[in-house]
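Below is one structure, written out as structure tokens; comments come after it.
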Amino acid sequence: MKIALLTLPLHANYGGVLQAFALKTVLERLGHEVWLVDNRRREKPVSNLFLKTVLRRAVESLFHRKEIFAELNTALTQDYKKSEIEKFIYRRLSPRTAPVYDADDYASIAADGGGYDLYIVGSDQVWRPRYAKELGPYFFSFLEGTAARRIAYAASFGTAECEYTREERERCARLLAEFEGVSVRERTGIGQCRDYFGRDDARQVLDPTLLLTAEDYRPLFIPGIAPAETIHCYLFRAGSAVRREIGRTAAACGLEIVRMTDRTNESEGKMPGIGQWLSALHDARYVVTDSFHACAFCILFHKPFAVYINRRRGSARIRSLLEQFGLEGRIASPGKPLAQTLDAPIDWEAVERTLEERRADSRGFLALHLQEAPPLSAAAGE
């Protein structure tokens, strides 16, 4: 079967790239040909908002003077786009369609047909307005009215609350009605599909990164960034109180702090590659993060971790992930010493049992729709 896979535009985001890599890998191992829809965003001129962002990040970095030059270099030159991550995308996420920028480009995919037997949208926050920007394509608006088969795998709304306008809900509900199957990443997404988009058959499945095993990722490792006696901090935003608590914990444990963000490395002028990011999570003594996908890989690698909830980025995603494995206690809170969270025991055998059960269920959803003909219920319009 020839499959077109649509996700958010790939850029310097470890989780976004790896979830696409994982889903593509799983589908290919099942014997299918997978093409990534190479959707991109046009570069915009520098705006006042962009300059304010540069200034804000620079001020934040004053607390860590070595980072200030890296912040400015990243924001102003965008050197990370020429990093090892871009090479990974080029090498590991091919073949790809011609670049897609607008509605006309999407229409050309539908017009050509491309010989695709199935279109899949997912995973990541493809159904969140602030990231999708234009929602239509992520509900396959360019296939509307055609007989093309389409499903959603682990699509995420990002938050527990619906962020759509009434017009967007009505439009996307009509488009979603043409989907053969719908699966979402968060438990809260099931309710949103039912209450706002008229799909009461949505299923929760695993994020694609969790469909692979730790051993599947090992060949990608490039060690060296975070050796064993370190606390690996992968935080998008961390206030001064969080930084102080991490510092106290590291000092008490005699560990070095290794900081990594979604921006540039101050010594190299670019972001560490995918292999370095993965091995840092794997090798460190502890991981402190506010990232969904960092949590996912800590679960895969059996790594003691603590997660701070970044409410602006959405807490439902992380809470839903942790609840599946009984790991809600990994959420760090201001009144609780960080070391207490990091050292709390984890029953990894129980986690693995749950992971295998969830993998089987998630693969079952894919298997149902990877048949040459649609399931009878879908064909009958049930």
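The values are calculated or read from the model by the stated rules, or taken from the named source; none is laboratory data. For clarity, every value in this text was computed on a predicted model and none was experimentally measured. Quick reminder, even Gly has a Cβ in these numbers, built from the backbone with ideal geometry, and neighbours come from all protein chains shown. Side chains are part of the model used for accessible areas, which takes the heavy atoms of the whole protein and leaves out ligands, DNA and RNA. Shrake-Rupley method; radii C 1.70, N 1.55, O 1.52, S 1.80 Å.
Dipole of segment 220-335 computed with +1 at Lys/Arg Cβ and -1 at Asp/Glu Cβ about the Cα centre; of PHE325, ALA226, PHE297, farthest Cα towards the positive end is PHE325.
Of the trypsin sites (Lys or Arg not before Pro) found in segment 102-211, the ones in coil according to DSSP and having at most 14 other Cβ atoms within 10 Å of their Cβ are LYS133.
Couplings 3J(HN,Hα) for segment 277-282, derived from phi with the Karplus relation 6.51 cos²θ - 1.76 cosθ + 1.60 (θ = phi - 60°), are 5, 5, 5, 5, 5, 6 Hz, where x marks Gly and Pro. Phi angles of segment 91-106 translate, via the Karplus equation with coefficients 6.51, -1.76, 1.60 and θ = phi - 60°, into HN-Hα couplings of 7, 9, 10, 10, x, 10, 6, 4, x, 10, 10, 8, 4, 5, 5, 5 Hz per residue; Gly and Pro are given as x. In whole Å, what is the distance between the alpha-carbon centres of segment 274-331 and segment 194-210? Comparing the Cα centres of segment 274-331 and segment 194-210, I get a distance of 22 Å.
For segment 157-269, carbon and sulfur atoms together expose 48% of the accessible surface, with a 1.4 angstrom probe and every protein chain in place. The protection proxy used here, the mean number of other Cβ atoms lying within 10 Å of each residue, ranks peptides 137-143, 238-244 as follows, highest first: 137-143, 238-244. Spin-label model, ASP216 to ALA147: label points 7 Å out along the Cα-to-beta-carbon direction sit 3.3 nm apart. Taking packing as the residue-averaged number of other Cβ atoms within 10 angstrom, the listed peptides 88-97, 154-163, 317-326 run from highest to lowest as 154-163, 317-326, 88-97.
Residues whose amide H falls under 5 Å from that of ARG199, counting only those 5 or more places apart or on a different chain, are ARG194, with hydrogens built in the peptide plane. The phi torsions of segment 126-141, fed into the Karplus equation with coefficients 6.51, -1.76 and 1.60 and a -60° offset, translate into couplings of 5, 10, 9, x, 5, 9, 6, 6, 9, 6, x, x, 7, 10, 6, 4 Hz, rounded to whole numbers, with Gly and Pro shown as x.
Taking 0.36 nm per residue of separation and subtracting the Cα-Cα distance, full extension of the segment from ALA367 to ARG311 would add 16.7 nm. The length gained by stretching the chain between ARG42 and PHE236 to full extension, at 0.36 nm per residue less their Cα-Cα distance, is 67.4 nm.
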